[in-house]
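The values are calculated or read from the model by the stated rules, or taken from the named source; none is laboratory data. Because the structure is predicted, anything quoted here is derived from the model rather than measured. Backbone-built Cβ (ideal geometry, glycine too); neighbour counts: all protein chains shown.
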Amino acid sequence: MRRGFERLLRKLLRLRSEPALLVLHWWAPLYFQSSFWNVAEDELDVIASYYRVQSISFRDAFYVPIMADRPGFRLEDIFCDIVHPNAVGHRLFAELVVLQLQEVLAGLLLAPAATGGTWLQAMPPPLFLGNEAAGQAICLKGNALLSAVVSAKGEWKWVDEAREGAQQAKWGMLSTQAGDELLLRIDHNSPLPAQGDSGASSSSVVVGLGLLKSYKDVGAAAVGCSGGCSCNQTRFELLHDQQVSQVYWFYVFVTLSSQPTSAQDCYMSVTVESAIVPNGVNKVKVTSLMVSEDDRAENGNMFTVLKSTDAEGNNSG
């Protein structure tokens, strides 16, 4: 995640439109067990500081009143669950953004900003060695996901689980029968080979699967690779304790054939399995597919940043 964040910043800073960037750090006390330190924000902010990108921290602004349980800053006043802000939480966050913009404008009145491409010319080298953004990446969601489906053995169906009247659809390939297999084609022609400033090419990609996790009526997804690629056989448990159903990213490191051809397409299989703890039906729902380069990931763990940092986990999508 840290490597990907740096690549994102470098992409944005190189856009021809030269956008003004502002990093927003959200903080959820219950999720982080009320800790002020040892959260992802600290590491991400170091990367932002390296590129002189300003940031806003909800934690820094409101930690004291939240922990003091002051009226208007109680958890039930700001959050709709253990992670997401409600309308009041969004308003507080928006006020921080407005305040930051006002301070920047006030500073510009005192010292007008220089014009020209001097900042782009001063782009520093990546913090992570060779961590240049891949030329292209693939992200398939909604109807676009169907373009990657090669076959669906068993009772796999394309369904929308959104509630009646919902503004946003929740499409995905879904099955509840153990043994049913969904076969996806992993398009390696776009992201590979990828050339960074170092000129080094990669023979591996990160494949992200968007899978639904819930507290009931879910099974497990067994993932494997075939054709012109290989990966470790992996099983993802989709049952969790949180009383919410939400899509999470699950990552698999895929090694591509050294000389891939059209006859050696890379395939990824997703097979429905029963959960370790029986909880109803064995539902597996695939909502999205992402393919991206990360050629220097250590030991197949894309979340490892420093040897002293344990940042493993699945990113909420």
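Observations on the structure shown:
- Those strands (runs of 3 or more DSSP E) lying entirely in segment 169-267 with at least 1 residues touching a strand residue (DSSP E or B) at 6+ places or on another chain (Cβ under 7 Å), modelled with pLDDT under 95 and among the aliphatic types (A, V, I, L, M): 181-186, 204-213, 246-256
- Of all the criteria given as (1) under 29 Å from the mean Cα position of the chain (by Cα); (2) at pLDDT below 85; (3) not in a helix (DSSP H, G or I), the one not satisfied by W119 is (3).
- Some residue of segment 91-111 being modelled with pLDDT under 90, touching a helix residue (DSSP H, G or I) at 6+ places or on another chain (Cβ under 7 Å), of a type in the set (A, V, I, L, M, F, W, C) and loosely packed, with under 15 Cβ neighbours inside 10 Å: no
- Odd one out for S49 among (1) without any contact (Cβ under 8 Å) to a residue 24 or more places away in the chain; (2) surrounded by 15 or more Cβ atoms within 10 Å (Cβ to Cβ); (3) in contact with a strand residue (DSSP E or B) (Cβ under 9 Å, 6 or more places away or on another chain): (2)
- Sole residue being assigned by TED's automatic domain parsing to the domain that holds V97 and surrounded by fewer than 17 Cβ atoms within 10 Å (Cβ to Cβ), chosen from R59, R7, R14: R14
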